[in-house]
Amino acid sequence: MELLKKVKNTISKYSMLSHGDHVLIGLSGGADSVSLTLILTKLRRDFNLSLSAVYINHGLRPEETKNEESFCKALCDNLAVDFFIKTADVEEYAKDRKLNIQEAARELRYQAYEGLSDEINASRIALGHNADDQTETVLMRLLRGSGRRGLSGIPPVRGKIIRPLIEIERREIEDFLSVNSSLITHHSSLSFMIDSSNLKKDYLRNKIRLTVVPELKKQNPSLVKGICRVADIAREEDAYLELIVTKTLMKLVSRKNKEAIELFLLPLETMDRAILRRVLRRAIDSVKGLKGIDFVHIEDIIRLIKSGRSGNRLNLPEGVRAVKRYSTLLLTSMPALKLLPCTFTVPGEQVLKDIGITLTAQVSENKGDESSEIHTGYDGRSAAVFDLDSIHPPLMVRARKDGDYFYPSGFGMKKKLQDFFVDNKIPKEDRDAIPVLVSGEDIIWIVGHRADERFRAKDDTKRFLIIKAASWSV
């Protein structure tokens, strides 16, 4: 049959199936998924396939669901395909996550597919999207102002998911069902079920399907083929551009973890805008995902890069922040850290849970035993050594305050803490999380950076206070 040949060509073109695959079919009872099920049973022997199908009950159309379930079960029984039913509470899920019903149904549907495929060890998940679906998707994204990636439409293959009908038009599918109706079920005169929600014009996709596409087809009968060709070209070009982005990012990353990524500013400031947009999207995706991130947010980040000042920041959707630092751009989903004040009794240990640092203090009266500690501690980074007799315990640990000043060790002169931070290029984003160790009203140590000259251990010191700072994950 001509349709079967076209589907086999699509499967081959995108390497959708391998010999011996276990395929889970998303079966709604509609024309597309019924055709897909019939076609895969016809190809079962060619690929030595194991076939299963699942019907997802979204809980939205109880008056129709029972008939659809019965129809799908009868179809699978007739074709010797294992059949499963999964339920999903779409309305509750949508409410909890502030999604519209379509978004919630889609997320739960794909979760059900992935979950069941793992349970039954299915290597592929086959869905019935066709060329008309592709056309509607591209038009919908075009109206929303999508870029090249959006115009690439529905991917024929994504991970486990395959779409063997993606190059087949809906009219071809309906013709196929008409010819093969006798194979569908012995218990019904219906070839497929009709989802009443697809007939309502409440959603943009339905409006495009029911109103826009039919009008455009009157003017251009080859509309579907043309738009699908655009999607194919966009997808291939998008894949090429993503290779460039991958290579570019490898040179840009200053540091990275699961919740933050820092990119060197200098290349970003002169980068071609077309690549820069993609680099930023990829970077945000790596730390949080792109939910809620739109074209306007990427443009805002580009303005921050090109004209913002060090310390300027943007608050983006889903808790993502973009911060321009002295030489890097920070993209992070971590909340900004701020130190809460606490008392530090010495000798002893103080855990600063808010910023992931532990301070440990010990006292020594023997200069010789601690001489190595004294010398290494003068830099004030991971340790500092003080003259205990010049200090008045207990100490206070707090964040910076307006008007703070100290006498940086090795500098000798009074300096505003704000100026010290600026001179040492400490990003504004980090300053509220730097512990300031205070004795009475005097700062004795900017932890991790510099001790105060007035309180450090000297040649005539008789009692030494050694304080160490150790970092750990918050």
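The values are calculated or read from the model by the stated rules, or taken from the named source; none is laboratory data. As the structure is a prediction and not an experimental result, all values here were calculated from the model. Virtual Cβ from ideal backbone geometry, glycine too; neighbours counted across all protein chains shown.
In this structure, is residue 302 of a type in the set (A, V, I, L, M, F, W, C) and closer than 21 Å to residue 258 by Cα? Judged against the criteria, residue 302 is not a match. Across the stretch 279-296, the qualifying residues are those that are surrounded by 19 or more Cβ atoms within 10 Å (Cβ to Cβ) and over 12 Å from residue 263 (Cβ atoms), and the one among them that is modelled with the lowest pLDDT is 288.
Here is a list: 188, 123. Which entry is assigned by TED's automatic domain parsing to the domain that holds residue 9, at pLDDT below 90 and surrounded by fewer than 21 Cβ atoms within 10 Å (Cβ to Cβ)? Can you show your working first?
Values: 123 fails: at pLDDT below 90.
It is 188.
If the condition is being of a type outside the set (Lys, Arg), at pLDDT 90 or above and under 43 Å from the mean Cα position of the chain (by Cα), then the stretch 375-405 contributes 383, 384, 395, 396, 397, 399, 402, 403, 404, 405. From 20, 30, 59, which residue is touching a residue at least 40 places away in the same chain (Cβ under 8 Å) and not basic (Lys, Arg)? Of the residues listed, the single one that is touching a residue at least 40 places away in the same chain (Cβ under 8 Å) and not basic (Lys, Arg) is 30. Restricting to the stretch 25-36, count the residues that are surrounded by fewer than 23 Cβ atoms within 10 Å (Cβ to Cβ) and in a helix (DSSP H, G or I). Count: 1. Yes or no: the stretch 272-281 includes at least one residue that is closer than 19 Å to residue 144 by Cβ and of a type in the set (Val, Ile, Thr). Within the stretch 272-281, not a single residue is closer than 19 Å to residue 144 by Cβ and of a type in the set (Val, Ile, Thr).
Can you give me the number of residues within the stretch 305-333 that are surrounded by 14 or more Cβ atoms within 10 Å (Cβ to Cβ) and more than 16 Å from residue 263 (Cβ to Cβ)? The total comes to 1.
Evaluate the following for residue 244: is it touching a strand residue (DSSP E or B) at 6+ places or on another chain (Cβ under 6 Å) and within 30 Å of residue 135 (Cα to Cα)? Working first, answer last.
Numbers: touching a strand residue (DSSP E or B) at 6+ places or on another chain (Cβ under 6 Å): no; within 30 Å of residue 135 (Cα to Cα): yes.
The answer is no for residue 244.
Within the stretch 244-265, track down each residue that is among the polar types (S, T, N, Q) and more than 17 Å from the chain's Cα centre (by Cα).
We begin by selecting, within the stretch 244-265, every residue among the polar types (S, T, N, Q); these are 246, 248, 254, 257.
248, 254, listed by residue number.
For the stretch 334-374, name all the residues that are within 22 Å of residue 430 (Cβ to Cβ) and either at pLDDT below 90 or not in a strand (DSSP E or B) (or both).
Of the residues in the stretch 334-374, the ones within 22 Å of residue 430 (Cβ to Cβ) are 334-342, 344, 350-359.
334, 335, 336, 337, 338, 339, 340, 341, 353, 354, 355, 356, listed by residue number.
Inside the stretch 297-313, residues that are touching a residue at least 60 places away in the same chain (Cβ under 8 Å) and more than 22 Å from the chain's Cα centre (by Cα) make up a count of 2. Would it be correct to say that residue 253 is in contact with a strand residue (DSSP E or B) (Cβ under 9 Å, 6 or more places away or on another chain), of a type in the set (Val, Ile, Thr), surrounded by 14 or more Cβ atoms within 10 Å (Cβ to Cβ) and without any contact (Cβ under 8 Å) to a residue 12 or more places away in the chain? So residue 253 passes the test.
If the Cβ limit is 7 Å and pairs must be 6+ apart or interchain, which residue in the stretch 227-242 that is of a type in the set (Ser, Thr, Tyr) pairs with which residue that is in a helix (DSSP H, G or I)? Short answer, once both residue conditions are applied: none.
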